[in-house]
1. Take the alpha carbon atoms of segment 191-212, find their center, do the same for segment 376-435, and report the distance between the two centers in whole angstrom.
2. Going Cα to Cα from LYS24, which lysines come in below 29 Å? Please leave out same-chain ones fewer than 8 positions away.
3. Using the charge dipole of segment 1-104 (Lys, Arg: +1 at Cβ; Asp, Glu: -1 at Cβ; taken about the Cα centre), state which of VAL97, CYS82, SER52 has its Cα farthest towards the positive end.
4. Return the equivalent ellipsoid semi-axes of segment 250-329 as a descending list in whole Å, where each equals the square root of 5 times an eigenvalue of the C-alpha gyration tensor.
5. Can you figure out the FRET efficiency of ALA35 with LEU221, using R₀ = 25 Å and their beta-carbon distance, to the nearest 0.05?
6. Using r as the Cβ-Cβ distance of ASP428 and LYS130, and R0 as 45 Å, what FRET efficiency do you calculate, to the nearest 0.05?
7. Restrict the search to segment 1-81; then list the chymotrypsin sites (Phe, Trp or Tyr not before Pro) that DSSP places in a loop and that have at most 11 other Cβ atoms within 10 Å of their Cβ.
8. Can you send over the carbon and sulfur percentage of the accessible area for segment 14-453, probe radius 1.4 Å, protein chains only?
Amino acid sequence: MPLWKPDPTFYASPRDAASAPPEKLAYVAAFDRAAEKPDAIAVLDVDPGSASYGSVVGWTELPYLGDELHHFGWNACSSALCPGSPHPHVERRYLIVPGLRSSRVYVIDTKDDPTAPKIVKTLEPDELAKRAGYSRPHTVHCGPEGLYLTALGGANGEDGPGGIALLDHTSFEVLGRWEVDRGPQHFAYDAWWHIAHDVLVASEWGTPSMIEDGVVGELLLGREYGHSLNFFDLRKRKHVQTVDLGDEHQMVLELRPAHDPTKLYGFAGVVVSVEDLSASVWVWHRDGDRWAATKVITIPAEPADPDALPPVIRPFGAVPPLVTDIDLSVDDQWLYVSCWGTGELKRYDVSDPFHPVEAGSVRIGGIVRRTPHPADPGRPLAGGPQMVEVSRDGERVYVTNSLYGSWDDQFYPDGVGAWMAKLDSTPDGFSFDERFFPSGDDFRGRRPHQTRLQGGDASSDSYCYP
């Protein structure tokens, strides 16, 4: 229902968002790898003053098996306040939750009881296929004119190309394919924008056949996964330029543009280099009248006893960092980089985006290290920091440990487990909150993936005013 005034969780500027009240709930996608139980949205209490702090206080199961929940997002956010927005009076109420394997999209209402969200609409796979020509929906971003839904696959049995579907803000119907002219873009993954400059950036993973059963060694060593950034004119919906990072840099995943709408740069994470198993972070930027990308962070692989490694990496005698997520604080100062393979979460001061300075690191899990959480020091942990979410004020960082079912099984063949952690981040320190460690049976046999924070977070909103 339209509001008479803007939703109070919409913020005109990053400064307004950073000064907003802290979140009290977190929503976490949790999936059953065996597809024997329905996937679910878990609701966690993240209010330190609450008696149930750090606990799962709500649980909404989906009606089908085998969806494999992955990424999800809000139906509306601060971009609704942009000049000329046709939807300034929508509200942040619904979670838009795609199933990466099923190609269903669920609309889940959080308003009446935020701890007991209700499914109010389901888009079946044929609706996405028929109206947009896509399958395997991945990432959701709330734009001023609709919901942008990236998808990895084509429709009607076609493996690709992937791209972006646009959904209506209010009815949640699929309006159609977003791209008018996709140019050479074939692979899809994330898409973000410099909304005040009419620029959209898209990254590349692979088509469904390349990722659904795990990393395909021949494709990886053949340098066939995505390795480029694609730039589009956001208004004209046309491809403008491809920036190739080099085919040794395989799988360009998460994109984090500057929140300050006057800035034209952002960060992209690359999973692995086939030359030395390192991972990297790049900054995209203008170079004259063209786009360019510069590598600003390199994280090396860690030597290891081959006998301690899973078969997929045993021949290399090293653990790759596997940077599978990054997140940028709303004030654009801190970049968090998850190294899912080595079990490390790094923090960088990126006040100067071209010269990041490492400013903190924690270890948890890891393929070889299996570092425990300080709340349970006797329990070795599998998995590693994977999805990262940062509070609007930048003081709290949440991580979960599962990447994607088949990839979990490849890199952690003895079981990835299930856990979530929170870190306190201040200019002077970066450390675990020992009171917050939901894990194991708390997730009822599911694996946790992405987190969304009540009222928005560092990767949910874009702003039109500095």
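1. Centre-to-centre (Cα) distance: 25 Å.
2. LYS5, LYS37, LYS111, LYS118, LYS121, LYS346, LYS422
3. Of the candidates, CYS82 comes out farthest on the positive side.
4. Working: eigenvalues 196, 29, 14 Å².
Square roots of five times the eigenvalues give 31, 12, 8 Å.
5. On the way: r = 30 Å, r/R0 = 1.21.
E between ALA35 and LEU221, to the nearest 0.05, is 0.25.
6. Working: r = 54 Å, r/R0 = 1.21.
Between ASP428 and LYS130 the formula returns 0.25.
7. TRP4
8. Working: 7280 of 15010 Å².
With neighbouring chains kept in place, the figure for segment 14-453 is 48 percent.
The values are calculated or read from the model by the stated rules, or taken from the named source; none is laboratory data. Remember, predicted model here, so these are calculated numbers, not experimental data. FYI the Cβ positions are ideal-geometry reconstructions off the backbone, even for glycines, and counts take in every protein chain you see. We work out accessible area using only protein heavy atoms, side chains counted, and drop any ligands, DNA or RNA first. Shrake-Rupley method; radii C 1.70, N 1.55, O 1.52, S 1.80 Å.
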